[in-house]
Amino acid sequence: MESIMKAHLPALTPVRLLGLLFASAATIGTLAAHAADQATPRPEPVPFVAPRNSDMPAGPEGELIDYGRRLMVETRRLLPNNVGAAMNCTSCHLGEAKVPFASPFVGISHRFPQYNPRANRVVTLEDRVNGCMMRSMNGKPLDKRSREMAAMIAYMDWLSEDIPEHGLVQGMGIGKVDTTLVPDMENGRRIYVAQCASCHGAEGQGLQDAAGEFIFPPLWGDLSFNIGAGMARLYKAAEFVKTSMPVGVHTDGRLGQGYVLSDQEAVDVAGYFTHQPRPDFPAKVNDWPDPSKRPKDARY
Ligand code: HEC
Ligand code: HEC
């Protein structure tokens, strides 16, 4: 402790000193919790329950939560200065981020702050939102003190309200595929043409209505997610596609969709569309500072 204090002394105000003391106490707490973790098993994920929109509280609190919900669903229209892609948060976090295995936000507030291997540091929920803003939405981060950020967080907090502190929920994440499979790009192209192009376009450009609004989002090209997005990674994309695409083929699964393709087919079609041209992400040079944390489907 003495050496830490000496090293930081010139910049220390009493408030920062107090913060530092608490931070070290918190580190010790985390270490103790970590040691306890190894003895006690990880808590069981609880059943998935998402609240109904009609149960939002009345008054300013409910207004903020509902604004957050709208920002997720109409991100491009409501935040034109921040969003570069023809996409909304719910293009990937399906159904108002309330659908199991489509990266739902139920319980998420309890799971952050969280260690992020791509950044090799602990990130807050606000950082994670801005991660998707800059990469998946190919846009600019939101000011963390803005009403828009507060609203998105309020919506996530509301979706997490009935979930215990550990935040583990059945149906979190985007599902799994066998990551030892090697993609067959040519078969991927055939699957794309047969099962995806009718909605996402022959050139992956998505589908617009007469007014220019996107009905189906683009999978590649200038208006899609950039190379730094999780969806640009082969196995992440395959997991999403296996679980949630193509839309509306049968009556089982999420939103009556998904679970049509085998793991191999999902990997093939994901291999095909993730490797098509898309916007660059210059800040990618800062990703995976610890090379041992770099996943095998990282694109750079
Ligand atoms: C192109 C698809 C895409 C879009 C659009 C997108 N995301 Fe994501 N997001 C992902 C993927 C993929 C993950 C990682 C999921 C996983 O690994 O389980 C993710 C993860 C997250 C997480 C962490 C989830 C967790 O369970 O830890 C948050 C929070 C998040 N996104 C917020 C947003 C917000 C807010 C927006 C809109 C501003 C957005 N995302 C837009 C694809 C997308
Ligand atoms: C019937 C139309 C339809 C078909 C067919 C379809 N999708 Fe989608 N796809 C959607 C819709 C709609 C969304 C956005 C979800 C939303 O807005 O509710 C979406 C979202 C996506 C996304 C995330 C957003 C983005 O643009 O990157 C990916 C990736 C995706 N689809 C891949 C596929 C693949 C691969 C296939 C073929 C195996 C496929 N889809 C077939 C309608 C379709």
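The values are calculated or read from the model by the stated rules, or taken from the named source; none is laboratory data. Predicted, not measured: the structure shown is a model, and the values here were computed from it. FYI the Cβ positions are ideal-geometry reconstructions off the backbone, even for glycines, and counts take in every protein chain you see. Accessible surface is based on the protein model in full, side chains and every heavy atom, while ligands, DNA and RNA are left aside. Shrake-Rupley method; radii C 1.70, N 1.55, O 1.52, S 1.80 Å.
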Mind giving me the FRET efficiency for Lys296 and Leu207? R0 is 35 Å, r the Cβ-Cβ distance, nearest 0.05 is fine. 0.60
Assuming R0 = 35 Å, what is the FRET efficiency of Ser198 and Asp178, from their Cβ-Cβ distance, to the nearest 0.05? 0.80
Taking the convex hull of Cα positions in region 185-293, its mean projected area over all directions (nm²): 8.1 nm²
What number in nm² do you get for region 54-160 if you take the convex hull of its Cα atoms and divide its surface by four? 6.7 nm²
Cα centroid of region 181-252 to Cα centroid of region 81-159, whole Å: 21 Å
So who's got an amide H within less than 5 Å of the one on Gln208, skipping anything under 5 residues away but keeping other chains? H placed 1.01 Å off N, in plane. Ile215
Quick one: putting +1 on the C-beta of Lys and Arg, -1 on the C-beta of Asp and Glu, what dipole do you get for region 86-169 around its Cα centre, in Debye to the nearest 20? 420 debye
Using a 1.4 angstrom probe and counting only protein chains, how large is the accessible area of Val247 in Å², to 10? 80 Å²
Any idea which of Ala238, Ala202, Ile215 is furthest toward the positive side of the dipole for region 185-293, if Lys and Arg beta-carbons carry +1 and Asp and Glu beta-carbons -1? Ala238
Whole-Hz ³J(HN,Hα) for each residue in region 46-53, computed from phi via Karplus 6.51 cos²θ - 1.76 cosθ + 1.60 with θ = phi - 60°, x for glycine and proline: what do you get? 8, x, 6, 9, 10, x, 7, 4
For region 42-144, which GluC sites (Glu not before Pro) pass both filters: DSSP loop (anything but H, G, I, E, B) and at most 13 other C-beta atoms within 10 Å? Glu74
Give me the percent of accessible area attributable to carbon and sulfur for region 54-160, probe 1.4 angstrom. 52 percent
Return the aspartates and glutamates within reach of Lys140: Cα separation strictly under 20 angstrom, same-chain partners fewer than 8 residues apart disregarded; answer none if there are no such residues. Glu74, Glu126, Asp127, Glu148, Asp222, Asp280, Asp287
Rounded to the nearest 0.05, FRET efficiency between Glu161 and Val260 (Cβ-Cβ, R0 41 Å) equals 0.75
Once the whole set of protein chains is in place, how much accessible area is left on Glu44, using a 1.4 Å probe, in Å² to the nearest 10? 140 Å²
Cβ-based charge dipole, region 82-146, positive-most Cα from Met134, Ser103, Gly84: Met134
Using the structure shown, list the pairs from Lys236/Lys284; Lys236/Lys293; Lys98/Lys144; Lys242/Lys296; Lys176/Lys293 with a Cα-Cα distance above 22 Å, or answer none. Lys98/Lys144
